[in-house]
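K.L.:
Just passing along the structure, written as structure tokens.
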Amino acid sequence: MMNLTRKQVINMKKLVMTLFAVIVVIAFAASALAFRQGWGRGNGLKPYDGFDPAVLSQLNLTVEQATEINFFRDTFLKDTNRLRDVMFSKRDDLRLLWLQQSPDQEKILAMQKEVSVLRNQIKEKRDVYRLNVYNVLTPEQKEKLKSYGPGRGFRQGMRGNW
């Protein structure tokens, strides 16, 4: 058998504890990243949540229409970027509240309301963006857009509600 000195045993314990700590940190980081990558799942909020670019490319847009639509999209993204970042931060905070030993109901409900307000602000801006883009299209382009069926002309969340 191996006879280890007291110093070797202490060093091994330190090594095991350090490795355990590293594994725990990596596990939490991986779950946080995986949680963050899913942003938009369930609430239909994606960076380009609006018209599907593949469908728009088939509408034979004029240069003026494409320029105007790009302007609306860029404005929408710029206006919602900060809101989206704050919403994700609040969602992360909400998740941490749920993970506490004794979750505080009042804090959880208040944080959920804050997330809902932010989500609704983004949805309102998305709807304005969609209406602006829709109003740029000619009647023929609008008909062609409808021919793609529910959920095809618009990204997920719209489902053809025109």
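K.L.:
Going by the conditions given, is VAL86 surrounded by 10 or more Cβ atoms within 10 Å (Cβ to Cβ), in a helix (DSSP H, G or I), of a type in the set (A, V, I, L, M, F, W, C) and modelled with pLDDT of 80 or more?
P.N.:
On the way: surrounded by 10 or more Cβ atoms within 10 Å (Cβ to Cβ): yes; in a helix (DSSP H, G or I): yes; of a type in the set (A, V, I, L, M, F, W, C): yes; modelled with pLDDT of 80 or more: yes.
It is true that VAL86 is surrounded by 10 or more Cβ atoms within 10 Å (Cβ to Cβ), in a helix (DSSP H, G or I), of a type in the set (A, V, I, L, M, F, W, C) and modelled with pLDDT of 80 or more.
K.L.:
Identify all residues within the range 90-115 that are over 24 Å from TYR129 (Cα atoms), in a helix (DSSP H, G or I) and of a type outside the set (D, E, K, R); write none if there are none.
P.N.:
LEU94, LEU96, LEU97, TRP98, GLN105, ILE108, LEU109, ALA110, MET111, GLN112
K.L.:
Failed condition for THR75, given (1) assigned to a helix (DSSP H, G or I); (2) surrounded by fewer than 14 Cβ atoms within 10 Å (Cβ to Cβ), with all others met?
P.N.:
It is condition (2) that THR75 fails.
K.L.:
Filter the range 110-127 down to the residues that are surrounded by fewer than 18 Cβ atoms within 10 Å (Cβ to Cβ) and without any contact (Cβ under 8 Å) to a residue 24 or more places away in the chain, then identify the one that is nearest to ARG91 (Cα to Cα).
P.N.:
GLN112
The values are calculated or read from the model by the stated rules, or taken from the named source; none is laboratory data. This structure is a prediction, so every number in the text was calculated from the model and none was measured. When we count neighbours, we look across all protein chains shown, and the Cβ atoms used for this are built from the backbone with ideal geometry, even at glycine.
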